[in-house]
Structure formats: structure tokens, C-alpha cells
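Take a look at the structure set out below.
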Amino acid sequence: MGRAICLELANAGANIFCHYHSSSEQASSLKEVIEGNGGKVEIFQADLTRPDAAKKICQAAQKAFGQINILVNNSALFYPTPLGEVKEKDWDTFHDLNLKAAFFLSQEVGMLMHKQQLGRIVNIGDTSVDSPWKSYIPYILSKSGVVTMTKGLAKALAPHVLVNCINPGPVLFPDHYSKAQKSKSVKRTLLQREGSAEDIARTVRFLIETDYITGAVIPVDGGRHIG
């Protein structure tokens, strides 16, 4: 999904500063593609769960391009944690990466945007916040926090910084999903099909290009949130 978002924004003319944690080969491949198409991109390795990560990423992005106008909080972990088997480590993992890192990146970048009176922040939530799945409660709680964070940041950074959230549905199924799980997820959508990373990327671009939407939570889930 991150790759699709970077490519979509690069095609729109944005300079891309792409963070990665362990996917160095994929990040290098993305850099080659964007630069091959005449775009500008910098890749940066960091562990978002470290206390100094947000500041280091922000400083590196400023050094690369001078100004930060867009932040997309896309990093997340997703795996099942059935009730009765949840460990504190699981709880900490989801909240440290999915929520805490997104907040402190948003704070660091958001204050710069507030000062320059220009900016867009797009968070990635999850359609499950509307109808929680019983075996993913800690994950869903972290994503519910992202939704609430979006609305709070929209108020705190108004009127010059627009903050919105996208809630993807069945897009890019995780490796541990069986065919039966994939089929069940698709059947719960009104459109009866899986979405794509490009569907999310195009919505990110829309939210960046619009100038009269903030504090919104947009489901891109084939209608699953009402299915």
C-alpha cells in the first residue's frame, strides 16, 4: 500500500520522502521506479517505535526537500490475537506502531505545517473500527485511536492544516489469510470484490488535492462498513 501511495503522489508531481523499517529491497526498488520516471525520492530507514524516530524522520525530510507539506501515516502491523491469548507484548506492539508513532509523527510534522500555514495529513485506519472482529481486538483498538486522533488533530491544526483518515476494507490480504477467510471478507462487501492498493492511493491523492474536507473518515471498503 505504501508503494502504491508513493507512486500515485510521485506521478502527481510530489517529491517523496519514504520511510521504511526492514523492507530495504522494496524501498530501493521503489526509488528506482520513481527516479526512472523522472521523479524525486529519498528513502529513509528507521524504527518508528523508538522515541527519537519522529524527530529524526522530520529532520531528514526537511534536509532532503526543505519543507514538508504532506504526511501519510501508513505504517502498521496486523495479526490475530484471540481473546484469552492476548499478551502485553501484543498490546504494546500494536499501540506503539499503529497509534503512538502516528501521533508523534503527526505532532512533529503538524507543528511545522501549522507554522507555515499549509499542510495535509492523511491517516490510514481500518474498516473494522465500525464492526470489530473478535480475534483482532488490540489491533482494532489501535486503529480506533487513529480515527479519534484524526478528528482531534483536525481541530488542533485548523484552519490551515487538513487532517483526514481512510478506512480500507479487504485490500491486500495478509499472508496468513486462507482462501476461506478471503472469500468471507469479500462476501461482506456490497461490491462483492477485493479492493486494491491503488484504490487507497487514489483516495489519498484526492484528500491531498481537496481544500474543503477535514476531520473526515472515509471508508474505502466496497461498502463493507454498512454490509
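Annotations for the structure displayed:
- Condition check for ASN123: in contact with a Ser or Thr (Cβ under 7 Å, 6 or more places away or on another chain), among the polar types (S, T, N, Q), modelled with pLDDT of 95 or more and closer than 23 Å to VAL217 by Cβ: yes
- Hits in segment 56-76 - residues which are surrounded by 14 or more Cβ atoms within 10 Å (Cβ to Cβ), in a loop (DSSP other than H, G, I, E, B) and not hydroxyl-bearing (Ser, Thr, Tyr): ILE68, ASN69, ASN74, ALA76
- Matching option when the condition is closer than 25 Å to GLU194 by Cβ, in contact with a strand residue (DSSP E or B) (Cβ under 8 Å, 6 or more places away or on another chain) and of a type outside the set (Phe, Trp, Tyr), among ALA46, ALA14, ALA60, ALA10: ALA10
- Conditions (1) in a helix (DSSP H, G or I); (2) aliphatic (A, V, I, L, M); (3) crowded, with 17+ Cβ neighbours inside 10 Å; number of the one not met by LEU162: (1)
- Looking across LYS187, LYS155, LYS143, LYS179, one residue alone is loosely packed, with under 13 Cβ neighbours inside 10 Å, in contact (Cβ under 8 Å) with a residue 40 or more places away in the chain and either within 20 Å of VAL109 (Cβ to Cβ) or among the basic types (Lys, Arg) (or both). It is LYS155.
- Check on SER128, without any contact (Cβ under 8 Å) to a residue 40 or more places away in the chain, buried (at least 19 other Cβ atoms within 10 Å of the Cβ) and of a type in the set (S, T, N, Q): yes
- For first residues located in segment 89-108 and among the polar types (S, T, N, Q) and surrounded by fewer than 22 Cβ atoms within 10 Å (Cβ to Cβ), partners that are modelled with pLDDT of 95 or more and assigned to a helix (DSSP H, G or I) and lie 6+ apart or on another chain with Cβ distances below 9 Å form the pairs THR93/PRO138; GLN107/ALA54; GLN107/LEU153.
- Residue count for segment 189-210, restricted to those that are within 24 Å of THR148 (Cβ to Cβ) and in a loop (DSSP other than H, G, I, E, B): 1
- From the list SER142, SER131, the lone residue that is at pLDDT below 95 and among the small types (Gly, Ala, Ser) is SER131.
The values are calculated or read from the model by the stated rules, or taken from the named source; none is laboratory data. All figures in this text were calculated on a predicted structure; none of them were measured in a lab. No Cβ is skipped: glycine too gets one built from the backbone with ideal geometry, and neighbour counts run over all protein chains shown.
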